[in-house]
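The values are calculated or read from the model by the stated rules, or taken from the named source; none is laboratory data. Computed from a prediction, not measured in an experiment: that's the story for all the values here. Positions of Cβ are generated from backbone atoms using ideal geometry, with glycine treated the same way; all protein chains shown enter the neighbour counts.
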Amino acid sequence: MNDEAKVQAFSTWHELLVNPEIRMDTQEQYDELLRLADNFREKGIIDPEERKILIQVATVAYTRSVEDKSGGGLPPVFSQAVKPI
C-alpha cells in the first residue's frame, strides 16, 4: 500500500484517539480504535506489527481513561504523546 494511504490511516486513527466523537463513551472509542486498526490491516495499509502497536496504544489509553475517576474521554496526555505521522 502506498505511503499516502498509510499517513491518512494513521492520521484518522490518531484523530479518534485524541478527539472522540460526541456521545462516544470510552468503551465505544476503544472499540472503534480496535476496529480501525483491524480494518487498516485487512486492507494492507499497515503491517501486523503496526496493528499491534495501535492496539497497545489504544489499550493503554483505555485503561488510563477507565481508571480516571473524572470520566469522559481519554486523558490529555495522549493528545500530546502520540502525534500523527
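Data table
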quantity: Of the criteria (1) surrounded by 13 or more Cβ atoms within 10 Å (Cβ to Cβ); (2) assigned to a helix (DSSP H, G or I); (3) at pLDDT 85 or above, which one F78 fails; calculated: (3)
quantity: Any pair with Cβ under 8 angstrom, 6 or more apart, that starts in region 41-69 at a residue that is among the acidic types (D, E) and ends at one that is assigned to a loop (DSSP other than H, G, I, E, B); calculated: D68/P75
